[in-house]
Amino acid sequence: MQRYSGFGLVKHALSHHENWQRQWRNPTPKKEYDVIIVGGGGHGLATAYYLAKEHGITNVAVIEKGWLGGGNTARNTTIVRSNYLWDESAALYEHAMKLWEGLSQDINYNVMFSQRGVLNVGHTLQDMRDIQRRVNANRLNGIDGEVLDAKGVQDLVPIMDCSKNARYPVMGASWQPRAGVARHDAVAWGYARAADALGVDLLQNTEVTGFKIRDGQIHGVHTNRGDIGSKTVGCVTAGNSGVMAKMAGIKMPLESHPLQALVSEPIKPILDTVVMSNHVHGYISQSDKGDLVIGAGIDGYNGYGQRGSYPTVEHTLQAIVEMFPIFSRVRMNRQWGGIVDTCPDACPIISKTKVKGLYFNCGWGTGGFKATPGSGNVFAASLAKGEMHPIAAPFSIDRFNTGALIDEHGAAGVAH
Amino acid sequence: MFYILCPYCGEHREEEEFHPKGQAHIARPADPENTSDDEWGDYLFFRDNPRGVHHELWVHAVGCRKFFNITRHTVSYEILEVYKMGEQPSITAESLASAEKSQGVQVGDGGQQTVGASDSAAKDSRGTKV
């Protein structure tokens, strides 16, 4: 792999940037792999990378029906934070946060991780009590966090309407300074390039059409490019996980919903942090390009159409204008939807299944992007050892029958 | 954006009057005290999540406030059928598949449509409203 550096940039400038090496190969599928990852989004690519790097398993295929990072990896609002309430999820998201902090160096790819902080705004007394509880829990888990009052919020975000005259006055917020945003496409591309360099085969335009299961053991997958064998298969297919599970004869506690987001026309720098509000329901940040990145809530109905209903977007923009009257005349540039697989307790499923050798990493719902490195890291360890990593273990699918749920509806960014 | 026929009001109304309430036809276990953890967990949490025809429970929240069922396609979002509580769907994934085999695709009985789809159904609705 050709390393990226400032010196390399200068060197390639001399040849008009025409001789850059391709970022990854386009291999033909082998007959057999040690591990197959189904799904070439951020989580799948990260899993492949950590399998190769940390566990020495390089005979790995990532099978993607479209192109790399073309699903929810490319559709999220790029927010990274780890201020979750319960110990299990705090451990998982904080593990991811620590990996984020060294990621660009680790994979030699600038993922533009910017720790500009995240505010979770409270508008009612109950909001503030929940925020205090969550921040206290975070600090006990070694995660940075502060409770701010309305003045503290106003100092950080001068353009926000923190007056008493607002319809839903801002009473305060939780503040995680280490949180921030990252360039979502670069995360997928960076992991893909680094995994490819270690020998992982990235098979694009390859659709899994079925699983080869004999005597309760996985033996590989059927694809539109022929059968590919493996005794270990990890399925990381986000919104499509319910469909994939059904192919393997497994029922999942998942419902796939459309989740919408939108960006405005680019404007000059005006918002240097991330603001989220569960109560009026909207979240917003400004990208390095200058556009305002705005996330909506999920549409309540099941959908695989990668589009949602207009009232959902309208509701979100009402909330944004309520908090930021100054944005009332900003024009929106693009709007889109992704399919999120939501779990009843707003926590992911990282689990073995009743089929030996078949693992699922799904159910991230509305908040999977922030966990990309951590999810890939613990999932890779689980696939490599055949035993769930201690951080992943509580997220077993069994919890829906044992009752050991991890209820993160309060700390999830989007109500669902 | 959906334009939904409430089977109780008999009128097409915009989606914002309604709330989706998840999968329809989920029967509560008859004897909850003697239900195993597996059965109870399945009843509470495990759902069909089909890419295709889906039967859903909806409520006309700011209308008559009654619950009813919708059969809808989860990719095209087309509403195929609306029926009252206690009734069974006449359109299912299986019935559609066999209809498709015997002839060209012919679904729905008109009248329920998403906005943006053909407007012949919308015309029907204007007829029925009066």
Using the per-residue mean of other Cβ atoms lying within 10 Å as a proxy for protection, in what order, highest first, do the peptides A:121-131, A:73-83, A:187-197, A:400-410 fall? A:187-197, A:73-83, A:121-131, A:400-410
Whole-Å distance linking the alpha carbon centroid of region B:1-74 with that of region A:41-108 is 35
Given R₀ = 41 Å, FRET efficiency for A:Y310-A:R116 by Cβ-Cβ distance, to 0.05? 0.85
Separation in nanometres of the label points that stand 7 Å from Cα toward Cβ, at A:I326 and B:N34: 6.8
Filtered hits (lysines, Cα-Cα < 19 Å from B:K84, offset >= 8 within chain) -> B:K21, B:K66, B:K129
Taking beta carbons within 10 Å but only from partner chains, what does the mean come to for residues B:38-44? 4
Measure nothing but the geometry: give the 0 to 90° angle between the long axis through the Cα atoms of A:310-323 and the longest principal axis through the Cα atoms of chain A, rounded to 10°. 50
Work out how much length A:Q2 to A:D288 would gain on full extension: take 0.36 nm times their residue separation and subtract the Cα-Cα distance, in nm to one decimal. 100.3 nm
Pick from A:P158, A:P390, A:P311: which is most flexible by mean-square fluctuation in a GNM of chain A where alpha carbon atoms under 10 Å apart are linked? A:P311
Going highest first, how would you order A:368-374, A:247-253 by mean Cβ packing within 10 Å? A:368-374, A:247-253
Specify the angular offset, from 0 to 90 degrees and rounded to the nearest 10, of the alpha carbon long axis of helix A:87-101 from the longest principal axis of the alpha carbons in chain A. 80
Of A:A381, A:L140, B:S95, whose Cα points farthest to the positive end of the dipole of the protein assembly as shown (charges on the beta-carbon: +1 Lys, Arg; -1 Asp, Glu; origin at the Cα centre)? A:A381
Between 0 and 90 degrees, rounded to the nearest ten: what's the tilt of helix A:184-197 against the longest Cα principal axis of chain A? 20
For region B:9-65, with only Lys/Arg (+1) and Asp/Glu (-1) charged at the beta-carbon, what is the dipole magnitude about the Cα centre, in debye rounded to 20? 200
Projected onto the charge dipole of region A:96-224 (unit charges on the beta-carbon of Lys, Arg, Asp and Glu, signs +1, +1, -1, -1), the Cα from A:V208, A:G117, A:V187 with the largest positive-side position is that of A:G117
In debye to the nearest 20, how big a dipole does the protein assembly as shown give about its Cα centre with +1 on each Lys and Arg Cβ and -1 on each Asp and Glu Cβ? 1180
Of all DSSP beta bridges in chain A, antiparallel share, percent nearest 5: 70
Per residue of A:297-309, how many C-beta atoms from partner chains lie within 10 Å of its own C-beta, taken as a mean? 6
Please check: in the Gaussian network model of chain A (C-alpha springs, under 10 Å), which one of A:H17, A:H281, A:H184 has the largest mean-square fluctuation. A:H17
Mind scanning A:K251/B:K101; A:K65/A:K246; A:K53/A:K370 and naming the pairs with a C-alpha gap bigger than 24 Å? A:K251/B:K101
Test of understanding: in a Gaussian network model of chain A with alpha carbons linked when under 10 Å, which of A:E101, A:E146, A:E314 would top the mean-square fluctuation ranking? A:E314
Compute the distance from the alpha-carbon center of region A:386-406 to that of region A:144-178, in whole Å. 36
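All of the numbers you see were taken from the coordinates with simple rules; none came from a lab. For clarity, every value in this text was computed on a predicted model and none was experimentally measured. Reconstructed Cβ throughout: ideal geometry from the backbone, glycine too, with neighbour counts over all protein chains shown.
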